[in-house]
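*Asks:* There's a structure below that I have some questions on.
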Ligand SMILES: Nc1ncnc2c1ncn2[C@@H]1O[C@H](COP(=O)(O)OP(=O)(O)OP(=O)(O)O)[C@@H](O)[C@H]1O
Ligand SMILES: [Mg+2]
């Protein structure tokens, strides 16, 4: 295998594994931009993965699976929105509870929604069909770049969603509303914007994305259901939101870096590097490198701008007659 | 001739936990008229106006706009009625551009706002009203004066007919205030009506046809402005007792040098000229050194280098004979320096903490309020209630969150804490901004009392009157340099004015 081939393979693996992460990160960017921190991402994604898998398993319809996963994610975020926006509960605590609840419920339902033949268990079953890679004629043959044109429909969709999200956020009036609500809610309210409604919308939107992100795992990347199969992707997504400085255009960079390191780690393990470097170290490498990159990024952004790019009102509830 | 009513607020009552902010207030605004709304800090002026723009809802009472009974549930509703407000605290989003701030929340905006068209329209408006501002700049990079212009542009762009201006000149320099006043006159000449809140009597006389005074939430008088013969009349009405416009000041007896700056320079990140350019002066104990100058000429950086909030590039700062150049704020506080910062919203107060906690913030580590790492709650309570009384801070209780206080009372909280904890050196930046007449007098008196007790005081101010009555010596700053330092009695308005404008002191002038 020559080195070009190797890089192409690596990129392909990165794209496959980064898809779910990108959906979740992009969704969280929207949510956090409105001032709501949703730490329930991990649990929400897991619910998305489960519901998507269960529906597709029983109906054979991938499309229906993704839609149900999306709605489930939205529903879970709606709980978060209701608790934190309407009832003004602490966003961190609420998010953590949602993750625990979602993880528990998904693992529980995973043993209840399966076919009778398998004792109602979904674990260990395969799908009749998964989201297959679609090759774009000619383009997919180009070395390295070709990997971008040999991915599943869910990944192709991201090619549209990422630039569209950026455009939406920085060029449309809805994006303007969104940014002002997360930055200066009182000002937004004084300008006639319904702050809490806006926050509801983008928290639920973030949930839609997280649900699809979950489904991207269980219907495409590893088409199966396993307990806690998200394996911390929800948490990585939250870190990558910071990495992307809350800008949709930079989400892809973060997910490519993280996805790339993770895939590289698999490659190195497969190539026998575990003799030289202990496998445990290889396994923590992606997380470790993410932490290091985050530190460097943060230091850089503090140096350059003097302030951190996070939405100023992130994590704080809002009521019009309070200050 | 009976003029038509544009706004009528009838028997309005608004209660907050622990306070009645407005009680049975009735307000009438006629077409083309300016109504000055006056009152002490915490009298309920902002609250009353916030009900008119839908930020708060009245507990009792009714609002009529153009003769129709209306229920204003949100700012959206008030905008639809043609009401626009400039709030006491800026309502701007720092990391959006000027144009984005101006169009924010507009209902009839296309999904993708045509930014270049909007920019043009803004430029046109700013030409018409002489409001220079670049629509593509980020708001956080603007000076306070420019930000205020953006606030006005917001009103103009939306075509509001009923303007509510809540202390629009409180944070402006005298020159900026004059410009603003000109613009307001122009807007009024176009038939708009306005409610104008201010603590500056001159503006009341210059602008308003009618004045209305609130005291402790109740309306205590409505008069035609023309009927006012003496300023003290209004002040008495506001405070409910005669206000003394005289300060007691002991004789000038300077002691040893407490603070010395030697050639202090700070390079600017954005300009080639230095933020501070070889600043040298001394402040002795028992002395108040005033810093005059148009805002933005280095006064704020000057106060920040002394208090350790900004690093100097060269030169040295000596406090009581020891070198304190580029030391941390904590080390400098320990050396006895107190600071009343200009940016009080950000640096002065922790909004979510109680008034009492905010007051004790500089002292809770000391024996006075704590023993062996444990804060002595009863001592803190005692300490806080003393300060609340001494500085007449209007707060329901000392346990109320500081953010719920009125603008002026937040100021007083900071002043009380800093003046109280002053151990000999006080750096006060625009201490009387946003205060009512009574409070200004008491703040000035407190600063002078510090000096009479032997403290060294640096007072940054834009009001020449304040500088001349309070200070012993006055330094004038221009573009980061000190143009001259003179005795307060020698400081004539023309002399300071020229120096503030950057005109060097020539030899002839001197003799
Ligand atoms: N959201 C709120 N919650 C609780 N109390 C409040 C709130 N807003 C205002 N108050 C209280 O209502 C009273 C009136 O405040 P208001 O801001 O109207 O005063 P003001 O006349 O504008 O004073 P200033 O000249 O200092 O701005 C004050 O005692 C204040 O503490
Ligand atoms: Mg006010």
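Quick note: the coordinates plus some simple rules give every number you see, no bench work behind them. Note that this is a predicted model, so its numbers are computed, not measured. No Cβ is skipped: glycine too gets one built from the backbone with ideal geometry, and neighbour counts run over all protein chains shown.
*Asks:* What's the whole-number percent of alpha carbon pairs in chain B lying beyond 43 angstrom?
*Replies:* So the portion of pairs separated by more than 43 Å is 19 percent.
*Asks:* Students often check this: by mean Cβ neighbours within 10 Å, which of B:372-385, A:225-238 ranks highest, and how do the rest follow?
*Replies:* So the order, starting with the most tightly packed, is A:225-238, B:372-385.
*Asks:* Right, next: Counting partner chain Cβ atoms within 10 Å of every residue's Cβ in B:91-101, what's the average?
*Replies:* Across the residues of B:91-101, the mean count of other-chain Cβ atoms within 10 Å is 5.
*Asks:* Mind checking the mean number of beta-carbon atoms from other chains within 10 Å of the Cβ atoms in B:70-83?
*Replies:* Details: counts 0, 0, 0, 1, 6, 8, 5, 1, 2, 3, 1, 0, 0, 0.
Per residue, the average neighbour count from other chains is 2.
*Asks:* How big is the equivalent ellipsoid of segment A:62-207 along its three axes, where each semi-axis is √(5λ) from the Cα gyration tensor, reported in whole Å from largest to smallest?
*Replies:* 34, 28, 11
*Asks:* Computed FRET efficiency, Cβ-Cβ of residue B:178 and residue B:373, R0 41 Å: what is it to the nearest 0.05? All intermediate terms of the calculation are to be shown ahead of the outcome.
*Replies:* On the way: r = 54 Å, r/R0 = 1.31.
Working from the Cβ atoms, E equals 0.15.
*Asks:* Rg and Dmax in Å for segment B:417-511, alpha carbons only: what are they?
*Replies:* Cα-based Rg and Dmax for segment B:417-511 come out at 14.5, 46 Å.
*Asks:* FRET efficiency for residue A:87 and residue B:493, Cβ-Cβ distance as r, R0 = 45 Å, nearest 0.05? Could the numbers behind the result be given before it?
*Replies:* Details: r = 59 Å, r/R0 = 1.30.
The value I calculate is 0.15.
*Asks:* Subtract the Cα-Cα distance of residue B:399 and residue B:241 from 0.36 nm times their separation in residues, and report this length gain in nm to one decimal.
*Replies:* Length difference between fully extended and current span is 54.0 nm.
*Asks:* Could I ask something else about it? Express in whole angstrom the spacing between the alpha-carbon centres of segment B:37-92 and segment B:251-275.
*Replies:* First find each Cα centre; the distance between them is then 45 Å.
*Asks:* Further question on the same structure: Helix B:437-452: angle to the longest alpha-carbon principal axis of chain B, degrees 0 to 90, nearest 10?
*Replies:* 0
*Asks:* Just checking the output field for A:170-183: average partner chain Cβ neighbours within 10 Å of each residue's Cβ? Working shown, then result.
*Replies:* On the way: counts 1, 4, 5, 11, 3, 4, 10, 3, 0, 5, 8, 1, 1, 4.
That works out to 4 on average.
*Asks:* For segment A:1-123, treating each Cα as an identical point scatterer without solvent, what Debye log10 I(q)/I(0) comes out at q = 0.15, 0.17 1/Å?
*Replies:* -0.78, -0.91
*Asks:* Another question about this same structure. What ratio of Cα Rg to 2.2 N^0.38 Å holds for segment A:129-196?
*Replies:* The value comes to 1.75.
*Asks:* Helix B:144-158: angle to the longest alpha-carbon principal axis of chain B, degrees 0 to 90, nearest 10?
*Replies:* 10
*Asks:* Here's something else I'd like to know. Compute the whole-percent fraction of alpha carbon pairs in segment B:312-370 spaced more than 16 Å apart. Please list the in-between numbers first.
*Replies:* Details: 999 of 1711 pairs.
Percentage above 16 Å: 58.
*Asks:* Starting from 0.36 nm per residue, how many nanometres of slack lie between residue B:205 and residue B:249 once their C-alpha separation is accounted for?
*Replies:* Using 0.36 nm per residue and subtracting the Cα-Cα distance, I get 12.8 nm.
*Asks:* Taking the Cα atoms of segment B:52-170, report the difference between the largest and smallest coordinate on each principal axis, in whole Å and largest first.
*Replies:* 43, 35, 26
*Asks:* For residue B:227 paired with residue B:327, estimate the spin-label separation in nm (one decimal), with each label point 7 Å from Cα along the Cα-to-Cβ line.
*Replies:* My value for the distance between the label points is 5.9 nm.
*Asks:* Rule-of-thumb check for segment A:167-268: C-alpha Rg over 2.2 N^0.38 Å?
*Replies:* Taking the Cα Rg and dividing by 2.2 N^0.38 Å, one obtains 1.33.
*Asks:* Distance from the Cα centre of segment B:396-450 to that of segment A:192-224, in angstrom?
*Replies:* 48
*Asks:* Could I ask something else about it? Using the Kirkwood radius over Cα pairs, work out the Stokes-Einstein diffusion coefficient for segment A:19-82 at 25 °C and 0.890 mPa s, in µm²/s as a whole number.
*Replies:* Stokes-Einstein gives a translational diffusion coefficient of 203 µm²/s.
*Asks:* Normalised by the residues of chain B, what does the relative contact order come to in percent, with Cα pairs under 8 Å and at least six apart?
*Replies:* Value for chain B: 15 percent.
*Asks:* Find the relative contact order for segment A:19-234 and round it to a whole percent, using C-alpha pairs within less than 8 Å whose residues are 6+ positions apart.
*Replies:* On the way: 405 pairs, mean separation 94.7, N = 216.
RCO, segment A:19-234: 44 percent.
*Asks:* Hey, what does the equivalent ellipsoid look like for segment B:91-159, semi-axes from the Cα gyration tensor as sqrt of 5 times each eigenvalue, largest first, whole Å? Write down the numbers at each step before the final one.
*Replies:* Details: eigenvalues 58, 39, 23 Å².
Over the Cα atoms of segment B:91-159, the ellipsoid semi-axes are 17, 14, 11 Å.
*Asks:* So, one more: If you line up the long axis of helix A:62-81 against the longest principal axis of chain A, both from Cα atoms, how many degrees apart are they, to the nearest 10?
*Replies:* 30
*Asks:* On average, how much area does the Cα convex hull of segment B:168-289 cover when viewed from any direction, in nm²?
*Replies:* 13.2
*Asks:* Please quote Rg/Rh for the protein assembly as shown to two decimal places, taking the Kirkwood radius as Rh and restricting both calculations to Cα atoms.
*Replies:* Working: Rg = 31.5 Å, Rh = 30.4 Å.
Value, to two decimals: 1.04.
*Asks:* Segment A:97-162 to segment A:225-297: how many Å between their Cα centroids?
*Replies:* 19
*Asks:* Now a separate question. Report the label-to-label distance for residue B:390 and residue A:63 in nanometres (one decimal), using points 7 Å from each Cα along the Cα→Cβ vector.
*Replies:* 7.7
*Asks:* Which order results if A:99, A:203, B:469 are arranged by neighbouring Cβ count within 10 Å, fewest first?
*Replies:* B:469, A:99, A:203
*Asks:* Can I ask one more? What share of Cα pairs, in percent, lie more than 34 angstrom apart in chain A?
*Replies:* 24
*Asks:* Here's a follow-up. From the helices alone, meaning DSSP H stretches of at least four residues, give me the mean residue ellipticity at 222 nm for chain B, per-run term -39500 (n - 2.57), in deg cm²/dmol to the nearest 500.
*Replies:* Only helices count here, giving -9500 deg cm²/dmol.
*Asks:* Continuing with this model, one more query. Full extension from residue A:276 to residue A:2: what is 0.36 nm times the residue separation minus their Cα-Cα distance, to one decimal in nm? Could the numbers behind the result be given before it?
*Replies:* Working: separation 274, 0.36 × 274 = 98.64 nm, distance 2.22 nm.
Extending this stretch completely gives an extra 96.4 nm.
*Asks:* Okay, moving on. What is the fewest-to-most order of A:46, A:294, A:282, A:11 by other Cβ atoms lying within 10 Å of their Cβ? Before the final figure, lay out the partial values.
*Replies:* Details: A:46 31, A:294 15, A:282 18, A:11 21.
Ordered by Cβ neighbours within 10 Å, fewest first: A:294, A:282, A:11, A:46.
*Asks:* Between residue A:71 and residue B:10, what is the label-to-label distance in nm when each label sits 7 Å out along the Cα-to-Cβ direction?
*Replies:* If labels sit at residue A:71 and residue B:10, their model points lie 5.1 nm apart.
*Asks:* For segment B:317-450, evaluate the Debye formula with one uniform point scatterer on each Cα (no solvent term) and list log10 I(q)/I(0) at q = 0.10, 0.14 Å⁻¹, rounded to two decimals.
*Replies:* Cα-only, vacuum Debye calculation for segment B:317-450: -0.32, -0.64.
*Asks:* If you wrap a convex hull around the Cα atoms of segment A:104-144, how much volume per residue is inside, in Å³?
*Replies:* 122
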